[in-house]
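The values are calculated or read from the model by the stated rules, or taken from the named source; none is laboratory data. Given the structure is predicted, the values throughout are model-derived calculations rather than measurements. Cβ: placed from backbone, ideal geometry, glycine included. Neighbour counts: every protein chain shown. Side chains are part of the model used for accessible areas, which takes the heavy atoms of the whole protein and leaves out ligands, DNA and RNA. Shrake-Rupley method; radii C 1.70, N 1.55, O 1.52, S 1.80 Å.
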Amino acid sequence: MPVCDICCEELPSEAEMRTHLLLSHMENVVACPFCSLSGVSYDEMKFHINTAHIEEDCQDTNATVVDSGQKSSNDWIAQSPNSTLTSNVNAKNMDTVSQASPQSQSTGTSLSQGTSTSLKSSPPAAATANGAVKLVRTTQKSSNNPSKEREDGRRKTKQKRLSSPIKEGCFACPMCSLVCKDCFILQEHVELHLQDQSAGAGPEVGTLTEVSSTSSGRSGVMRYECPMCSLSFSSSSSLQEHVELHLEYGSASVTRHSSEDLTLARKLQEEEEQKWREAATRQEAEDFKKLQKQFGLDNSGGYRKQMERNMERAVSRGHMVPAEFHRKKAEMLESLASGVDDGRSKTSGLMGALYRYYRDASGCAHVWLCAETDHYSSSEGDKGWGCGYRNFQMLLSSLHRMEQYKLLPVPSIPRVQALVEEAWGQGADPQGASHFNHRLQGTRAWIGATEIYAVLTSLSVKARIVDFHKPTGPGDTHPRLFEWVKQYFSHSASRGARLPPKIVQTTLPPIYLQHQGHSRSIVGVEQKVNGNLCLLLFDPGYAPREMRKVLSQDTATMVQRVRKFPGSLKHRQYQVVAVEGLLTPEEKQSRILNSRTLCAEKIP
């Protein structure tokens, strides 16, 4: 009859064997009956059992096979001289009979393979030199505990099952040298081993039997090996105390190492934070230097030094002869000494030219122009940073023509820087003064709407700052800015008139327009027939020769560059400075005091 190699179950036919393998082992999880191996294929499990659990000498004559014995009041142990077999039995243990080598037949004990044999009760046999079996007798202590007697009965019942007919195949006990031919018998035998170990931890109810090999003479007492070192112990309690010492020392070592690791981690973290702070400080310093250079606060010189360097560069490139260099340098020094702009970048007569152009132009309903204003372009001395100064000069050129303001001629850029410092000295805009460290002369620092407002206030000119801090139209446009400019120019021109004329040149000065990175001057506003508005802007970036095109017959081309529709002004924020008259001494002092917390009027 075929026998299953995994569970040793006998089946009547090969067909039923295949069905058994499919249902019991292949569809379910294949697990080894002798160890914890599982989750492998049938072929791998078969190879594992044949190699790991069947010893090569299982058919040797020295192999020990479990056989049935005759139960008696005393326990007997048969030992082969060629193999040491130790069985520690207490009062609960049953008779365990081991088959020895064929030489043991000389003692009168008959052990046969394949059939059940009986070991007659007889006195222990002494070991002989020719390999006779040594039978050692163990005494059994009586127990008055009924529960223990019931436990003895259950264990004896299991021991009786060990005498069932053996099947083909050999299975070695993993805890002793016993070899069984039935896997179920081996399983119950191993359970007896485990019960003996658990019983050894409680009160002693039997005596441990030490079986010595006649050939080696070494002790066969069961030893408990420490899982953490190579020491072994005769009792589980001693092993437990030893392992606890391991754990106590390990926890103390772990605590010490943890403390050292924590100290090291903190040190590394502090070093990392220190490096990060140093890197952040260096990056901050570099960014600050870049900002200083961008805004002209890097002590690289002001208007005069930049003009001299540019003229020297022109001479070295052959664009300027040395004689012209010395002549322009002398004129520059004379202009700086007088404090008045030399007018080399100025273009006059532009407002009249625009008035004549719109008078003959078609497609526009109304045009409002500011008072006569000169255009000032950036020169070699202020290119890249002087737009704020040039727009302020445009505003002052218009105010200079008005009798009510009585201002001095348009100052040069270094003189404008001095005027800003004087305004700061009077107490105007202290926050702006601290931003520039109270120093503008000799630098290339940019100025904006607040500096223009501070200078006008110090000159007793009434000014107003309006901040259009966010877009008010689709596509990030500022239609409110255009409406405000139209209202500014048309308000004074429409007084007493029912219908405003097509072209109006007002007596109002231009408006200073500031946005991020640049500034321009609003000199007028144009309204189309369809109602759309566009601003007329003077940009300091336009060269004098370009602005002079307005005075020539090519006015239309230049007007296209001056005209700006809402789609051309898409910066996030705009600020305007508008002049509204003169200040009395009391108003001037009040505005200077209020400028300590200067807040622009916000629209919307």
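Data for the structure
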read-out	value
Single residue of region 226-247 satisfying the filter (within 17 Å of Asp196 (Cβ to Cβ) and of a type outside the set (S, T, N, Q)) that is surrounded by the most Cβ atoms within 10 Å (Cβ to Cβ)	Leu239
Selected residue [surrounded by fewer than 21 Cβ atoms within 10 Å (Cβ to Cβ) and touching a strand residue (DSSP E or B) at 6+ places or on another chain (Cβ under 6 Å)] from Arg591, Arg520, Arg563	Arg563
Meets criteria (at pLDDT 90 or above, within 30 Å of Glu421 (Cβ to Cβ) and surrounded by fewer than 18 Cβ atoms within 10 Å (Cβ to Cβ)) for Glu586	yes
Qualifying positions in region 378-395 - open to solvent by 10 Å² or more (accessible area, probe 1.4 Å) and either of a type in the set (Val, Ile, Thr) or touching a Pro at 6+ places or on another chain (Cβ under 9 Å) (or both)	Ser378, Cys387
Residue within region 347-360 that is touching a strand residue (DSSP E or B) at 6+ places or on another chain (Cβ under 9 Å) and among the small types (Gly, Ala, Ser) present	yes
Candidates Ser230, Ser259, filtered to the one that is part of a helix (DSSP H, G or I) and of a type outside the set (A, V, I, L, M)	Ser259
Near pairs, Cβ below 6 angstrom, 6+ apart or cross-chain, from region 1-24 (farther than 16 Å from Met45 by Cα and open to solvent by 60 Å² or more (accessible area, probe 1.4 Å)) to any residue that is among the aliphatic types (A, V, I, L, M) and part of a loop (DSSP other than H, G, I, E, B)	Glu10/Met1
Residue in region 409-418 that is within 17 Å of Val523 (Cα to Cα), open to solvent by 10 Å² or more (accessible area, probe 1.4 Å) and at pLDDT below 95 present	no
Matching residues in region 344-377 - criterion: being surrounded by fewer than 21 Cβ atoms within 10 Å (Cβ to Cβ), assigned to a strand (DSSP E or B) and aliphatic (A, V, I, L, M)	Ala365
Output for region 521-540, where each listed residue is within 10 Å of Val485 (Cβ to Cβ) and not in a strand (DSSP E or B)	none
